[in-house]
Amino acid sequence: MTKKLFEENAYLKTCQAKVVLKDGLKYYFDQTVFFPEGGGQSADKGTINNIEVLDVRETENGICHILASELHDEFVEMVIDWEKRFDEMQQHCGEHILSGVIFDHYQGKNKGFHIGKDYVTIDIDHEIKPEMLIDIENLANQAIYDNIELNFEYMSDDKAYFLRKEPTVEENVRIVTIPGVDCVACCGTHPTRTGEVGIVKLYKVEKNKGLSRIFFKCGKRALIDLQEKTNIVQYFNRQYSSDDSTLVERFEKEKEKNEILKKKYIQLHREAIEKIINEQMSQDAVQYFSFEDLSGQGMNDVIKSVSEKGNYIILIYSILEHKVMLSHDGSHNLHCGQLFKSIRDYNGKGGGNQKTAQGVFESSEDAEKFIAYVKGELRS
Ligand SMILES: [Zn+2]
């Protein structure tokens with residue numbers, strides 16, 4: 001069986017080893033620094049004699065290393081991707097601390113753990129409300145400040161263990177204890193002391209299949225996140241000429257100002273539309289209006305305003321958008337949608353029902369030709 005050097009010393013980044021078994025690109029060695037997948041941690045990355053290690057798995061023949069190409073030597077040098085390993089050690093040990101704290105203080109059990117590319121999550125079988133996160137976060141970080149030494153041992157029959165959850169294996173059960181915080185069976189790699197986790201930062205909690213999923217980051221991941229968020233806050237501070245303490249206040253004031261401007265704009269826009277309507281109104285049953293630039297909502301506003309003045313057939317043209325709308329209140333023997341059926345002959349798209357129809361055209365020439373056609377139909 002492969003000697004697991006990572007169990008004795010999780011800080012070992014490199015080692016010498018000898019090939020003992022080979023099957024295609026699958027290699028087995030007398031010993032290894034490569035941690036296979038387990039305990040929520042993924043398999044180590046790295047190289048063996050400069051050949052990339054694609055995957056590492058625990059098998060009945062020992063630890064299997066899957067290499068990217070053939071190895072020609074019997075004696076090798078193994079090097080793991082330490083950056084990745086230490087990141088997972090920080091996230092993984094942070095998970096132990098969080099799970100222990102939640103079990104002790106809220107009797108919630110950890111039912112799932114996942115180290116994602118971005119966030120790390122745990123699923124708790126107890127309702128965790130967002131307002132509880134700050135308490136959990138403070139308790140977890142206290143365990144980091146206390147810089148507690150972790151203890152590793154193989155389970156023995158003549159000793160009682162107060163485990164957070166039942167072990168999933170029966171033989172060679174490895175117990176990881178953070179005295180006063182957590183005690184659980186685990187095969188993963190861990191730092192020597194809790195202080196190395198650096199920080200546990202909680203972000204949010206979501207309901208997930210009857211469990212509470214907590215999103216968090218530990219150590220360097222949390223630091224990078226803080227650096228990125230500091231940049232974002234600084235950007236907004238420059239925009240609002242504020243500092244961290246006045247940013248929210250400045251933002252709220254700016255929002256208020258924008259609301260007032262928006263209301264003023266809507267009012268002025270309505271008045272402008274009303275002016276154009278009054279200028280373009282005729283004595284006919286069919287009222288035609290053309291606007292330089294009018295949104296769909298603007299068109300509806302025109303229809304509403306003109307309908308209040310009488311039961312007209314209303315034809316509107318928004319020049320810049322090449323958009324045409326036809327509408328009446330239902331009192332006319334005219335099916336707007338039917339009339340708009342020939343829209344494709346004019347490079348347009350659209351349709352409608354009895355009382356209203358609209359279409360958009362590829363060019364203003366197309367739209368104007370279609371308007372001339374509609375006007376002709378309405379006259380006949
Ligand atoms: Zn562990």
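State which residue is nearest to the ligand (Cβ to nearest atom) when the search covers only segment 60-85 and only residues that are farther than 20 Å from residue 116 by Cα and without any contact (Cβ under 8 Å) to a residue 12 or more places away in the chain. Ranking the qualifying residues of segment 60-85, first place goes to 60. On the basis of being hydrophobic (A, V, I, L, M, F, W, C) and at pLDDT 95 or above, does residue 218 make the cut? So residue 218 passes the test. Inspection of segment 138-152 identifies at least one residue that is acidic (Asp, Glu) and in contact with a Lys or Arg (Cβ under 7 Å, 6 or more places away or on another chain). Return a yes/no flag: does segment 32-47 have any residue that is over 30 Å from residue 196 (Cα atoms) and modelled with pLDDT of 95 or more. No: zero hits. Scanning segment 228-245 turns up no residue that is at pLDDT 95 or above and within 16 Å of the ligand (Cβ to nearest atom). Within segment 171-189, residues that are on the phi > 0 side of the Ramachandran plot have Cβ atoms under 8 Å from residues that are away from the ligand (no atom under 12 Å from the Cβ) and β-branched (Val, Ile, Thr) in these pairs: 180/148, counting only partners at least 6 apart in sequence or on another chain. May I ask you to list the residues in segment 339-368 that are surrounded by 16 or more Cβ atoms within 10 Å (Cβ to Cβ), part of a helix (DSSP H, G or I) and not aliphatic (A, V, I, L, M)? 340, 346, 366, 368 - these are the residues of segment 339-368 that are surrounded by 16 or more Cβ atoms within 10 Å (Cβ to Cβ), part of a helix (DSSP H, G or I) and not aliphatic (A, V, I, L, M).
Results for (1) of a type in the set (A, V, I, L, M); (2) in a helix (DSSP H, G or I), shown as yes or no for each residue.
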{"residue": "215", "(1), (2)": "no, no"}
{"residue": "230", "(1), (2)": "no, yes"}
{"residue": "277", "(1), (2)": "yes, yes"}
{"residue": "283", "(1), (2)": "no, no"}
{"residue": "293", "(1), (2)": "no, no"}
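Looking at segment 50-67, which of the residues that are more than 32 Å from the chain's Cα centre (by Cα) and exposed (fewer than 14 other Cβ atoms within 10 Å of the Cβ) is modelled with the highest pLDDT? If we take residues in segment 50-67 being more than 32 Å from the chain's Cα centre (by Cα) and exposed (fewer than 14 other Cβ atoms within 10 Å of the Cβ), then 50 is modelled with the highest pLDDT.
So residue 88 ticks every box in (1) closer than 21 Å to residue 207 by Cα; (2) within 16 Å of the ligand (Cβ to nearest atom); (3) buried (at least 16 other Cβ atoms within 10 Å of the Cβ) but one. Which box is left unticked? That leaves (1) as the condition not met. Quick one: in segment 100-114, of everything that is surrounded by 23 or more Cβ atoms within 10 Å (Cβ to Cβ) and touching a Lys or Arg at 6+ places or on another chain (Cβ under 9 Å), which residue is farthest from residue 125 (Cα to Cα)? The residue in question is 102.
Regarding residue 139, is this residue in contact (Cβ under 8 Å) with a residue 60 or more places away in the chain, more than 19 Å from residue 40 (Cβ to Cβ), in a helix (DSSP H, G or I) and of a type in the set (A, V, I, L, M)? No, not satisfied. Report, by residue number, each residue of segment 190-239 that is exposed (fewer than 15 other Cβ atoms within 10 Å of the Cβ) and among the small types (Gly, Ala, Ser). Selection gives 195, 210. Cβ-Cβ distance below 7 Å, separation of 6 or more or different chains: which pairs start in segment 7-21 with a residue that is among the basic types (Lys, Arg) and end on one that is exposed (fewer than 13 other Cβ atoms within 10 Å of the Cβ)? Pairs found: 18/74; 18/75. Quick check, is residue 285 within 23 Å of residue 130 (Cα to Cα), in contact (Cβ under 8 Å) with a residue 24 or more places away in the chain and not basic (Lys, Arg)? Considered against the rule, which asks whether it is within 23 Å of residue 130 (Cα to Cα), in contact (Cβ under 8 Å) with a residue 24 or more places away in the chain and not basic (Lys, Arg), residue 285 comes out as no. Flag: residue 42 does not match the condition of being hydroxyl-bearing (Ser, Thr, Tyr), within 16 Å of the ligand (Cβ to nearest atom) and in the same structural domain as residue 213 (by TED's automatic domain parsing).
Selection of segment 173-206 for residues being away from the ligand (no atom under 12 Å from the Cβ), assigned to a strand (DSSP E or B) and more than 31 Å from the chain's Cα centre (by Cα) yields only 193. Write out, first by first residue and then by second, each pair whose Cβ atoms fall under 7 Å of each other, whose residues are 6+ apart or on separate chains, and whose first residue, in segment 347-369, is under 12 Å from residue 325 (Cα atoms) and touching a residue at least 40 places away in the same chain (Cβ under 8 Å) while the second is of a type in the set (Lys, Arg) and crowded, with 16+ Cβ neighbours inside 10 Å. Here the result reads 358/323, each pair linking segment 347-369 to a residue that is of a type in the set (Lys, Arg) and crowded, with 16+ Cβ neighbours inside 10 Å.
The values are calculated or read from the model by the stated rules, or taken from the named source; none is laboratory data. Quick caveat: nothing in here was measured; it's all calculated off a predicted structure. All Cβ positions, glycine included, derive from the backbone under ideal geometry; neighbour counts span all protein chains shown.
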